[in-house]
Amino acid sequence: MTGIFDSGSGGLSVLREMLKVLPGEEYLYFSDNAHCPYGEKSPEYICERADEITSMMLAKGCSVIVVACNTATAAAISHLRAKFAIPFVGMEPAVKPAAALTRSGVVGVLATEGTLKGEKYHLTRDRYADNVKVVEQVGRGFVELVESGCLEGPHAEAVVRESVRPLVEAGADTLVLGCTHYPFLSQTVARVASQLAPQTDFTLIDPAPAVARRFLDIRSAQAPASAPAPRVTLLASGPDATLKKLYHAFITQSQSL
Ligand code: DGL
């Protein structure tokens, strides 16, 4: 069984891609929404949460864990890999493909404060994006929008505009969705960006497909899954209404599970 966790429902954007590459696997998804958002919490706090969630997943029989959260990867993946003897797949903002794709020479990164402050992100940015200009913004209020199921409409657009505007004004044409919650807002981000700069052809980058391919490499090396239909268990540390709603809207309906 594969465990996958996030501070909330954001990791469903990664689970969606994992189901595409390995539909026959058994998945346990955990939303730590009683402690969401992680974005402004200390690395120590997030490490403790990740440790507790991993222990729970191991007790339930998971043999691979996908940390479907950029913030938790930045804070905790080294700790998890050092402590637990199973493979972990983590995530970080996709600045490398963004640097290759931008035509304006400016990449905009949207992520949480914790991710943008992390050493891992700085190393990746300095290594793979030193030939372009990288501008960064915390997606203020984005996680709250997704957790409340508000993905579009005037309120969502107003919240998203605040963080997207500085990136567009800096000339970015390629926007990295560096938090797993943000792909749920991708249509709103794209709409707002186009309103702000109608002449620009924007590209939005979600690292989830690359994470799913990495997961497939690890999982196939362990044991090929044989079950024909996916089996997904959803768990949450808080109320699970939005988690179930987003799961059905973005996964069940698009894949006809
Ligand atoms: N979904 C998370 C990420 O990828 C964390 C969002 C939050 O809880 O602040 O960073």
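The values are calculated or read from the model by the stated rules, or taken from the named source; none is laboratory data. The shown structure was predicted, so the numbers you read here are calculated from the model rather than taken from an experiment. As a convention, Cβ positions derive from the backbone with ideal geometry for all residues, glycine included, and neighbour counts pool all protein chains shown.
Couple of notes before you dig in:
- Residues (away from the ligand (no atom under 16 Å from the Cβ) and either β-branched (Val, Ile, Thr) or at pLDDT below 95 (or both)) located in the range 188-201: THR188, VAL192, THR200
- Considered as a group, the residues in the range 66-85 that are in contact with a helix residue (DSSP H, G or I) (Cβ under 6 Å, 6 or more places away or on another chain) and closer than 20 Å to THR233 by Cα include one that is nearest to the ligand (Cβ to nearest atom), and that residue is ALA68.
- Meeting the requirement of 3 or more residues that are out of contact with any Gly (no Cβ under 7 Å at 6 or more places or on another chain) and among the hydroxyl-bearing types (Ser, Thr, Tyr), the helices (runs of 4 or more DSSP H) wholly within the range 128-218 are 186-196.
- Filtering the range 75-103 to residues that are of a type in the set (Lys, Arg) and without any contact (Cβ under 8 Å) to a residue 12 or more places away in the chain leaves only ARG81.
- Across the range 38-58, the number of residues qualifying as near the ligand (Cβ under 9 Å from one of its atoms) and surrounded by fewer than 23 Cβ atoms within 10 Å (Cβ to Cβ) comes to 2.
- Output for the range 98-127, where each listed residue is more than 16 Å from the ligand (Cβ to nearest atom), in contact with a Gly (Cβ under 8 Å, 6 or more places away or on another chain) and part of a loop (DSSP other than H, G, I, E, B): SER104, GLY105
- Evaluating GLN222 against the criteria (1) at pLDDT below 95; (2) within 17 Å of the chain's Cα centre (by Cα); (3) among the polar types (S, T, N, Q) leaves one unmet condition, (2).
Here's the yes/no breakdown for (1) at positive phi; (2) within 15 Å of the chain's Cα centre (by Cα); (3) of a type in the set (Lys, Arg):
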{"position": "ALA170", "(1), (2), (3)": "no, no, no"}
{"position": "THR174", "(1), (2), (3)": "no, no, no"}
{"position": "CYS179", "(1), (2), (3)": "no, yes, no"}
{"position": "GLN187", "(1), (2), (3)": "no, no, no"}
{"position": "GLN195", "(1), (2), (3)": "no, no, no"}
{"position": "GLN199", "(1), (2), (3)": "no, no, no"}
{"position": "PHE202", "(1), (2), (3)": "no, no, no"}
{"position": "ILE205", "(1), (2), (3)": "no, yes, no"}
{"position": "ARG213", "(1), (2), (3)": "no, yes, yes"}
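- Residues in the range 163-187 that are away from the ligand (no atom under 16 Å from the Cβ) and surrounded by fewer than 24 Cβ atoms within 10 Å (Cβ to Cβ): ARG165, PRO166, VAL168, GLU169, ALA170, GLY171, ASP173, GLN187.
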